[in-house]
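Have a look at the structure below before the remarks.
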Amino acid sequence: MTTITRRSVLRAMAASPLLALGVPRLARAGAEFSYKYAHNLPMTHPLHKRAQEAVDRIRRESNGRLEVTIFPNNQLGGDTDMLSQVRSGGIELFTPSALVIATVVPVAAINAVGFAFSDYGQVWKAMDGPLGTHVREKIAKANLYAFEKMWDNGFRQITTSSKPIDQALDLDGTKIRVPVSPLSISMFKALSAAPASLQFSEVYSALQTRIVDAQENPLPIIQAAKLYEVQKYCSLTNHIWDGYWFIANGRAFRRLPPELQRLFETAFNDAGMLQREDLKQMNQSIQTDLESKGLKFNRPAAATFQAQLRQAGFYEEWRGKFGDQAWGLLEETVGKLA
Ligand code: X2X
């Protein structure tokens, strides 16, 4: 016997364009799974655009069964809030930077060890390979599901309102905002700066009111969040490579039938690969754009920073914290660090 339920009617309507016409709101309200996805970036950033495409694809290919609503730009709170919401199930999806998820899964910060990666070839080799697998396993232990492909945040650069940073000494005493990340604090302390952790939602106003003089982020974020309006100098240090893990609450992911889990995986991983490509394209012209908006660029050599980090025992300390296994996986790609 076939029972006619509200759900089966809605599913039939969603599958038939003619019937579904005119009742989009009803069809939406009837989605079998309605998930919330939150992130910390302005809507002009490629992460948002590609996530929006993925979400549209998911609705289409699931015939309206699976619907994701996006809350961009810290609408649901800063990183720390979003992280606790995705852990509790208040939201189902979140894209924390590796630095941020590391407050719950410490080894996730390993891609952000100072000056470890020298280019994207190394980055994706490690993160799409054994190091990425290792981190995803640890994320799973926190009852979060990390989709396989990490999204790009970028190589982080230092901006200041006061002076260009040309060598490690120039950071001495500089009040610099870093994410809510023990690794970032440790690294900038080792460089004799005065780092302060703030959520990204607070960065623009902290710079504007001079609570801090400096911050560090990849150029696409400096552009999307208009940080050039409140900063003068940009020093291309490339000191950290940072990426976003696309994560789901573990229970919310397992609750989906296998075909919808696979749809999530395909849609988010494909979109992540395109987002990596977007950033690669942007990186070719973005400096010129930021110069036209008034930022002054310089390109310091890495040597003085690395020497200072070594001398301060930074690498030894973090090798100990991450453990030999994870550290070994990183060094397999980038060579000896300590
Ligand atoms: O907070 C930041 O600086 C950002 C946007 O890069 C992260 O998500 C770590």
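The values are calculated or read from the model by the stated rules, or taken from the named source; none is laboratory data. The shown structure was predicted, so the numbers you read here are calculated from the model rather than taken from an experiment. Note: ideal-geometry Cβ built from the backbone for every residue, glycine included; neighbour counts use all protein chains shown. Heads up: the accessible areas ignore ligands, DNA and RNA and are worked out on the full protein's heavy atoms, side chains in. Shrake-Rupley method; radii C 1.70, N 1.55, O 1.52, S 1.80 Å.
Yes/no per residue for (1) in contact with a strand residue (DSSP E or B) (Cβ under 9 Å, 6 or more places away or on another chain); (2) within 14 Å of the ligand (Cβ to nearest atom); (3) free of Cβ contacts under 8 Å to residues at least 60 places away in the same chain:
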site	(1), (2), (3)
GLN52	yes, no, yes
ARG57	no, no, no
GLU61	no, no, no
ARG65	yes, no, no
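In region 191-205, what residues are under 27 Å from ASP289 (Cβ atoms) and open to solvent by less than 20 Å² (accessible area, probe 1.4 Å)?
VAL203
Quick check, is GLY121 among the small types (Gly, Ala, Ser), open to solvent by 40 Å² or more (accessible area, probe 1.4 Å), more than 16 Å from the ligand (Cβ to nearest atom) and assigned to a helix (DSSP H, G or I)?
For GLY121, the condition - among the small types (Gly, Ala, Ser), open to solvent by 40 Å² or more (accessible area, probe 1.4 Å), more than 16 Å from the ligand (Cβ to nearest atom) and assigned to a helix (DSSP H, G or I) - is met.
So the check is Cβ under 9 Å with 6+ separation or different chains; which pairs have a first residue in region 206-223 that's away from the ligand (no atom under 12 Å from the Cβ) and open to solvent by 10 Å² or more (accessible area, probe 1.4 Å) and a second one that's among the hydroxyl-bearing types (Ser, Thr, Tyr) and in a helix (DSSP H, G or I)?
Partner pairs satisfying both residue conditions: ILE211/SER205.
Between ALA140, ALA194, ALA146, ALA168, which is within 16 Å of the ligand (Cβ to nearest atom) and more than 20 Å from THR333 (Cα to Cα)?
Among ALA140, ALA194, ALA146, ALA168, only ALA146 is within 16 Å of the ligand (Cβ to nearest atom) and more than 20 Å from THR333 (Cα to Cα).
Hey, does region 127-134 have a residue that's open to solvent by less than 10 Å² (accessible area, probe 1.4 Å), away from the ligand (no atom under 16 Å from the Cβ), touching a Leu at 6+ places or on another chain (Cβ under 6 Å) and of a type in the set (A, V, I, L, M, F, W, C)?
Yes.
Among the residues of region 254-261, are any surrounded by fewer than 21 Cβ atoms within 10 Å (Cβ to Cβ), within 16 Å of the ligand (Cβ to nearest atom), polar (S, T, N, Q) and modelled with pLDDT of 95 or more?
no
Restricting to region 157-190, name every residue that is closer than 16 Å to PHE305 by Cβ, surrounded by fewer than 23 Cβ atoms within 10 Å (Cβ to Cβ), among the hydroxyl-bearing types (Ser, Thr, Tyr) and in contact with a strand residue (DSSP E or B) (Cβ under 8 Å, 6 or more places away or on another chain).
Across region 157-190, the qualifying residue is only THR174.
Take region 74-102 and flag every residue that is within 15 Å of the ligand (Cβ to nearest atom), surrounded by 19 or more Cβ atoms within 10 Å (Cβ to Cβ) and in contact (Cβ under 8 Å) with a residue 60 or more places away in the chain.
ASN74, ASP79, VAL86, PHE94, THR95, PRO96, SER97, ALA98, LEU99, VAL100, ILE101, ALA102
Considering every residue within region 238-248, establish whether at least one is open to solvent by less than 20 Å² (accessible area, probe 1.4 Å) and away from the ligand (no atom under 16 Å from the Cβ).
yes
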